[in-house]
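What follows is a set of notes on a single structure, which appears directly below.
The values are calculated or read from the model by the stated rules, or taken from the named source; none is laboratory data. Bear in mind that the values here come from a model prediction, so they are computed numbers and not experimental data. All Cβ positions, even for glycine, are placed from backbone atoms using ideal geometry, and neighbour counts span all protein chains on display.
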Amino acid sequence: MIDRDAQLEYPRRAEGRFPGLLTGGSLRLLSLLSLLGAWVVGAALLSPNVLPGPLETLAFCWRELRSGELTFHLAVTMRRVLIAFGLAMVLGTVLGALVGAFKPLDKLLGAWLVFGLTLPRIVLFVMAYLIFGLNDTAAVAALTLTVLPTVIVQLREGTKALDPKLLELSRAYRRPPLLVWRQVVFPQLLPFVVGTARGALSLAWKMVVLAELLGRTSGVGYQIAFYFQMFNMTGILAYGLAMMLVLAIIDVSFSALTERAFRWRRPLRF
Amino acid sequence: MAGIVARGVGKHYPLAKTDKLALSNVDLNVQDGEFICLLGPSGCGKTTLLNILGGLEPASQGTVRFTGVGDPRRGYMFQEPRLLPWLSVRDNLRFVLDQRTRSEALDSWLKRVGLGGYGDYFPAQLSVGMQQRAAVARALITEPEVLFMDEPFSALDELTALRLRDELLGLWHERRCTVVFVTHNPLEAVYLADRVLVMSPSPGRITQEIRVGEHFPRPRELEDAALWRLSRGVVGLLMGEGALT
């Protein structure tokens, strides 16, 4: 007689040679520790004027935090980034969708997009400071224009990839345009919007330092320029580290939002 | 309710050097509440004709009009379920209705197609057969006067297709809407339809009409030997072995 229960026993999946040790969490910790280790070794090998160690840098961070300098400059930088990012996303999404939907417009703006994508960013910042003066308007405008072409191109591709069958379905059932935009078009563009937003924010976050370094008297970029002139590598690293930390927090939050927005993609396992 | 009258319908698609004639001079009368099948090999213009009748594509020549009062309510089913993957099954039904439709009304339809309790699922969490059931519910929940169906069961396994055909017939008996059903399966055509319109390619046109309803009253049995013989005759017809008598 066949033992049915025995037949239903499937062999367990091999879990590697060190089951339980090399899980996702521990691998991530290992990755972080190895990075820290490389920093410690590098700091031991090089002069503290070139590469200060993690403890020294963290101590500097703490001093700046207590004096309020770090939070002030981080907040100024973040405000510039968020305004530019918001403007670029709204304008870029609308323009990208229009360019994707209307071929003549795509051709008409083609040269502008190539110009925007290939222009060295530093030229853009210099031009903005020359036109608007050394002020926040110039910095934010240049930062917006830095990010805008990438957003337009991504959203253009997203619009071109809209499923014509779902649009036909909407036509067949004579759905009102607003409902079609909300329930058929936007959900298809959302992956492009989210993907672009992550890239755009990261780009804006990096470029703002350049803008501040060139023509502002506040912000993380200004502080980095200041400490560079003082040959203070600890100060440079401390501000760099603070920026990296903020960006990492934003990126993790984006991941969580993405997970929530695309839960429909995850099939159940019966 | 609504019937359909098509006169001299033609369709050509412009190509680089010449026009491709997809349909030529199609005349068609569909009675109110009638179930007709458009049957033919791939590329004979069945879907094009269906889309023209359903208003999804314009005809290059000829006219299509609906008999009865005004513009009829229409339901559609496509070869694939075509559900919106980011909406729950319940919200997919709500999509074709007034957005304030209460969930109870939607759930009762889901129950009727065997999807009771699946309202909160996303399409990716269902089998293709279950998705196509949801598409049946979506097509019928609008209480259509004319239902356009484009090979809706061709991508399913035969067992699921068998069940869904019977469920479709059951629902059609209740509502008695006009149905235009495209298929390339002769047995499916003679089992479902009051009338089968056989189409030929190059250019697409209707070549023969088989009045199944006159000889096979409903309900029909799929195992009926006479029905099976008729479907074999239709196969011969499609293969160019002359007209059925």
In region A:168-177, anything surrounded by 15 or more Cβ atoms within 10 Å (Cβ to Cβ) and assigned to a loop (DSSP other than H, G, I, E, B) is listed as A:Tyr173, A:Arg175
Please go through region A:119-167 and give me each residue that is surrounded by fewer than 17 Cβ atoms within 10 Å (Cβ to Cβ), part of a helix (DSSP H, G or I) and among the hydrophobic types (A, V, I, L, M, F, W, C), ordered by number.
A:Ile122, A:Val123, A:Val126, A:Met127, A:Leu130, A:Ile131, A:Phe132, A:Leu167
Could you grab me the full set of residues in region B:120-143 that are touching a Gly at 6+ places or on another chain (Cβ under 7 Å) and either surrounded by 22 or more Cβ atoms within 10 Å (Cβ to Cβ) or more than 9 Å from chain A (Cβ to nearest Cβ) (or both)?
B:Arg133, B:Ala139, B:Leu140
Residue list for region B:89-116, restricted to those being within 14 Å of chain A (Cβ to nearest Cβ) and modelled with pLDDT of 90 or more
B:Val89, B:Arg90, B:Asp91, B:Asn92, B:Leu93, B:Arg94, B:Phe95, B:Val96, B:Leu97
Quick check: anything in region A:256-265 without any contact (Cβ under 8 Å) to a residue 60 or more places away in the chain, more than 14 Å from chain B (Cβ to nearest Cβ), under 21 Å from the mean Cα position of the chain (by Cα) and surrounded by 15 or more Cβ atoms within 10 Å (Cβ to Cβ)?
no
Residues B:Leu164, B:Leu159: which one is modelled with pLDDT under 90, crowded, with 18+ Cβ neighbours inside 10 Å and part of a helix (DSSP H, G or I)?
B:Leu164
Condition first: part of a loop (DSSP other than H, G, I, E, B), in contact with a His (Cβ under 9 Å, 6 or more places away or on another chain) and buried (at least 21 other Cβ atoms within 10 Å of the Cβ). Now tell me which residues in region A:210-224 satisfy that.
A:Gly219
Looking at (1) surrounded by 18 or more Cβ atoms within 10 Å (Cβ to Cβ); (2) under 23 Å from B:Gly54 (Cα atoms), which is the only condition B:Ser200 fails?
(1)
Residue ranges of strands (runs of 3 or more DSSP E) in region B:176-245 with at least 3 members at pLDDT 90 or above and more than 22 Å from B:Val136 (Cβ to Cβ)
B:195-200, B:205-210
Going by the structure shown, is B:Leu50 within 13 Å of chain A (Cβ to nearest Cβ), of a type in the set (A, V, I, L, M) and under 20 Å from the mean Cα position of the chain (by Cα)?
yes
Pairs under 9 Å by beta carbon, first residue free of Cβ contacts under 8 Å to residues at least 24 places away in the same chain in region A:196-209, partner in a helix (DSSP H, G or I), six or more apart or different chains?
A:Lys206/A:Met243; A:Lys206/A:Leu247
Could you please let me know if A:Ala238 is closer than 30 Å to A:Ala101 by Cβ and either touching a Leu at 6+ places or on another chain (Cβ under 9 Å) or assigned to a helix (DSSP H, G or I) (or both)?
no
Scope region B:70-87; condition in contact with an Asp or Glu (Cβ under 6 Å, 6 or more places away or on another chain) and buried (at least 17 other Cβ atoms within 10 Å of the Cβ); matching residues
B:Pro72, B:Phe78
Any chance region A:85-104 includes a residue that's surrounded by 14 or more Cβ atoms within 10 Å (Cβ to Cβ), of a type in the set (Phe, Trp, Tyr) and either within 18 Å of A:Arg156 (Cβ to Cβ) or out of contact with any strand residue (DSSP E or B) (no Cβ under 9 Å at 6 or more places or on another chain) (or both)?
yes
Considering B:Gly3, B:Gly45, B:Gly33, B:Gly116, which residue is at positive phi, of a type outside the set (A, V, I, L, M) and surrounded by fewer than 19 Cβ atoms within 10 Å (Cβ to Cβ)?
B:Gly33
Condition met for B:Thr67 (away from chain A (no Cβ under 12 Å), of a type outside the set (Gly, Ala, Ser) and surrounded by fewer than 16 Cβ atoms within 10 Å (Cβ to Cβ)):
yes
